[in-house]
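Single-structure report; data block below.
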Amino acid sequence: MKNTFVITIDGPSSSGKSTIAKLVAAHYKYTYIDSGSIYRAITFLANENKLLNSKEINVNFLINLLENNSISFFNNSKNQNIITLNDVDIEDEIRTSIISNHVSRVAQIDRIRNYVFEIQKKISKDKSIVMDGRDIGSVVFPDADVKFYIDASLKVRAKRRWNDLIVNEKNISLNDVTNDLFNRDKIDVNRKISPLVVPHDSIKINTDNFTIDQVVHKMIKLIDKKIKK
Ligand code: CDP
């Protein structure tokens, strides 16, 4: 039997992927890796350096910034991977709406995707992992042991995201959040490199009418069947 396993979870924004991925990883004691947080950290760095204000992002400048700053994960006492910029925890800073509004622009740049690919491979080496994102089962780990595609309608996803954001951003409207998700989906699905697709061989689950626990339970049953073969 193999020693390490890779489970991939792809899907659009706010489909429930990350909550589900964390629970699945905890169940198997695998490492959870949030690939979106790497794109968000890069977008945060770009924003700190005023690169998001112009129509075209200055890619050379951004790559140069990445060479001179360090984005990495810190594994805390609860076995959670915390994203850091120059060893400072930026988990909260990368979840604001300004970063959400720009992250898909940054994530469509091929040199940025290559940079992230290297981090994804390095952090997963010799480990059993659950990684979520947009291209994990299709491009990053095409040979993963079990692949899922988690989906939900735009209406349900927007409501979920709005409920999360309203805690810290009192003025944000459901309409703004719906528009952000719609625009991000459009960029993620239509970009030339590593677009969001339902990976070949993946198990598709729509979470509109299920609780997180129901979805996780279903996934664990499916994973058990596949990895205990
Ligand atoms: O949490 P949410 O679903 O809103 O998004 P995320 O997973 O934090 O990812 C933020 C953005 O990063 C996505 O909208 C994509 O544009 C990009 N991304 C990507 O292109 N490929 C990945 N594997 C993960 C994220």
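The values are calculated or read from the model by the stated rules, or taken from the named source; none is laboratory data. All figures in this text were calculated on a predicted structure; none of them were measured in a lab. A quick note on method: Cβ atoms are made from the backbone with ideal geometry, for glycine too, and the neighbour counts reach across all protein chains shown. Calculation scope for accessible area: heavy atoms of the full protein, side chains included, ligands and nucleic acids excluded. Shrake-Rupley method; radii C 1.70, N 1.55, O 1.52, S 1.80 Å.
Counting only protein heavy atoms and a 1.4 Å probe, segment 10-168 has 47 square angstrom of accessible area per residue.
Taking every DSSP bridge with both residues inside the chain, close to 30 percent are antiparallel.
Counting other C-beta atoms within 10 Å, and keeping those with at most 14, which DSSP coil trypsin sites (Lys or Arg not before Pro) do you find in segment 25-107? Walk me through the numbers on the way to the answer.
On the way: sites: K29, R40, K50, K55, K78, R95, R105; in loops: K29, K50, K55, K78.
Those that pass, being in a loop and sparsely packed, are K29, K50, K55, K78.
For the chain, the 222 nm mean residue ellipticity estimated from helices alone, with every DSSP H stretch of n ≥ 4 adding -39500 (n - 2.57) and the total spread over all residues, rounds to -15000 deg cm²/dmol.
According to the calculation over all Cα-Cα pairs in segment 6-216, the P(r) per 10 Å bin from zero is 8, 35, 40, 16, 1 %.
Take every Cα pair under 8 Å whose residues are at least 6 apart in sequence, average their separation, divide by the length of the chain, and the relative contact order is 33 percent.
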